[in-house]
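Undergrad: Dropping a structure here in structure tokens format, bear with me for questions.
No lab work stands behind these numbers, since they all come straight from the coordinates. Note that the coordinates shown come from a computational prediction; the quantities given were computed from them, not determined experimentally. Here the Cβ is made from the backbone with ideal geometry for all residues, glycine too, and neighbour counts use every protein chain on show.
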Amino acid sequence: MRFLDFFRSNKKTSAAVAKERLQIIVAHERRPASSPDFLPSLQQDILEVVRKYVPIQEEQIRLSLDRSGDCEVLELNISLAEAERGR
Amino acid sequence: MSEEKKNGKEQRKPGQVIVVTSGKGGVGKTTTSAAFAAGLAVRGYKTAVLDFDVGLRNLDLIMGCERRVVYDLLNVIHGEGSLNQALIKDKRVNNLFILPASQTRNKDALTMEGVGAVIEELQRSFDYIVCDSPAGIEKGAMTAMYFADQALVVTNPEISSVRDSDRIIGMLASKTRRAEQDLTPVQEHLVVTRYDPARVERGDMLSAEDVREILAIPFLGVVPESKAVLTASNSGVPVTLLKESDAGDAYFDIVDRFLGRERPFRFMDAPKKGFLSRLFGG
């Protein structure tokens, strides 16, 4: 088995797998605001505030956190239904 | 590594809580927790493995489920998610579930009552609950051991590790629920890891017998120093689920002895390698 593994050189080494896994998890954890309990509750709060003025559904708010270079971007999208605007 | 099915679960006892502890860091607690829990699951027991290392979780990495973590132990304790949402089902073995620790919170958020409630709920549906303790004797470690029925004391054949294990054995006898409520004491088991029989033979390393004599608790076996352990953690596979490895075999012996089956002690003597096994590795 080991002897055959030797010739299967296109197979990724376990160290390469480890590095890839680490890069993903470390990049993820370096973003301080990415914990699962943070975004949902922020979204809920924003929804409450917007609802004071415009009736909207939960799915009309989209919140996402992105990273560009050293900058963290919090993107907030609120789509207002056509009928509601009536322009 | 055959799959054995345990049958007959007509009336169930509450699951057994096993803490994997050592005092000292880096001796192989998480490796042991992952390998032991996976081994129990392969033997047919429904097993949950819990990470208590709040802020420095690693069990998810060793189990290879780091990208599937959404809710953790602290979310469950604080009612932000249910236990079922937080338990990650292993994709390789039936009966195996992982409950990660929180990576972002402070360890003070780990309350004894909260952990007690989670463990009690787990005991209703699991046969074994394996608690992976953090190093040290701080809150995380004390919480991990508090509800234990049994303990795997992971020790390296090295003086500082043995001394720290002795401290931990003292705490198992005084700072656990079983001690406080005057129940039968926590059943302790010694697991000697990173064992190198060749160095023991040369007199460069404490023997398993030495460690056992000093710590004076029942001995479950040794796990040899093995390349397979790094390969396994690189790939996020518990070493007992690796195709074939000395460490995996050693952990299966340990699991079986834990389950009360007789297994001859292996990996205690230096192997005499022949020419072919040197060439092809073995």
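Undergrad: First measure r as the distance between the Cβ atoms of residue B:269 and residue B:78, then evaluate 1/(1 + (r/R0)^6) with R0 = 41 Å and state the FRET efficiency to the nearest 0.05. List each step's numbers first, then the result.
TA: On the way: r = 51 Å, r/R0 = 1.23.
Rounded to the nearest 0.05, the efficiency is 0.20.
Undergrad: Okay, next question. Quick one: putting +1 on the C-beta of Lys and Arg, -1 on the C-beta of Asp and Glu, what dipole do you get for the protein assembly as shown around its Cα centre, in Debye to the nearest 20?
TA: Values: 51 positive and 52 negative charges, 220 e Å.
Dipole of the protein assembly as shown, to the nearest 20 debye: 1060 debye.
Undergrad: Ratio to report: Rg/Rh of the protein assembly as shown, with Cα atoms as the point set and Rh obtained by the Kirkwood method; give two decimals. Write down the numbers at each step before the final one.
TA: Working: Rg = 23.8 Å, Rh = 22.7 Å.
Computed over Cα atoms, the ratio is 1.05.
Undergrad: What order do you get for B:253-262, B:17-26 when each peptide is scored by the mean count of other beta carbon atoms within 10 Å, highest first?
TA: Numbers: B:253-262: 16.1, B:17-26: 24.1.
Ranking, from highest mean packing down: B:17-26, B:253-262.
Undergrad: Expressed as a whole number of Å, what is the distance separating the alpha-carbon centroids of the range B:126-182 and the range B:69-84?
TA: Here the answer is 24 Å between Cα centres.
Undergrad: Same structure, new question: What's the extension gain from residue B:89 to residue B:216 if we count 0.36 nm per residue and subtract their Cα-Cα distance? All intermediate terms of the calculation are to be shown ahead of the outcome.
TA: Working: separation 127, 0.36 × 127 = 45.72 nm, distance 3.68 nm.
Contour length minus the Cα-Cα distance gives 42.0 nm.
Undergrad: Averaged across orientations, what area in nm² does the convex hull of the alpha carbons in chain B project? Walk me through the numbers before you get to the answer.
TA: Numbers: hull surface 60.1 nm².
Spelled out: convex hull of the Cα atoms, projected over all directions, averaged, 15.0 nm².
Undergrad: Oh, and also: Using 0.36 nm times the number of residues separating residue B:259 and residue B:111, minus their current alpha carbon distance, what extension gain do you get?
TA: Values: separation 148, 0.36 × 148 = 53.28 nm, distance 3.09 nm.
Between residue B:259 and residue B:111, full extension yields an extra 50.2 nm.
Undergrad: Something else about it: Using only the alpha-carbon atoms, what does the range B:111-182 span along each of its principal axes? Please give whole angstrom values in decreasing order.
TA: 39, 23, 21
Undergrad: Another one. Normalising by the residue count of chain B, find the relative contact order in percent from Cα pairs under 8 Å and 6+ residues apart.
TA: Normalised by residue count, the contact order of chain B is 23 percent.
Undergrad: Ignore the peptide's own chain and count Cβ atoms of other chains within 10 Å of each Cβ in B:70-82; give me the average, rounded. Walk me through the numbers on the way to the answer.
TA: Details: counts 1, 2, 3, 0, 1, 3, 0, 0, 1, 0, 4, 2, 0.
Taking the mean over all residues of the peptide, I get 1.
Undergrad: Any idea what % of Cα-Cα pairs in the range B:149-282 are farther than 19 Å? Don't jump to the answer; show the numbers that get you there.
TA: Values: 5040 of 8911 pairs.
Counting pairs separated by more than 19 Å, the tail of P(r) holds 57 percent.
Undergrad: Also, quick follow-up: Does a label point 7 Å from the Cα of residue B:202, set along Cα-to-beta-carbon, have any residues of the range B:145-162 with amide nitrogen under 18 Å, and which are they?
TA: Counting only backbone N, you get B:157-159.
Undergrad: Summarise the partner chain shielding of B:231-238 as one whole number: the mean count of Cβ atoms from other chains within 10 Å of each residue's Cβ. Walk me through the intermediate numbers first.
TA: Numbers: counts 5, 1, 3, 9, 7, 4, 2, 0.
Mean shielding by partner chains, rounded to a whole number: 4.
Undergrad: Using the Cα centre of the protein assembly as shown as origin and beta-carbon charges of +1 (Lys, Arg) and -1 (Asp, Glu), tell me which of B:235, B:186, B:26 is placed farthest towards the positive end of the dipole.
TA: The one lying farthest along the dipole's positive direction is B:235.
Undergrad: Next up: Whole angstrom only: what separates the Cα centroid of the range B:16-40 from the Cα centroid of the range B:200-262?
TA: That distance is 11 Å.
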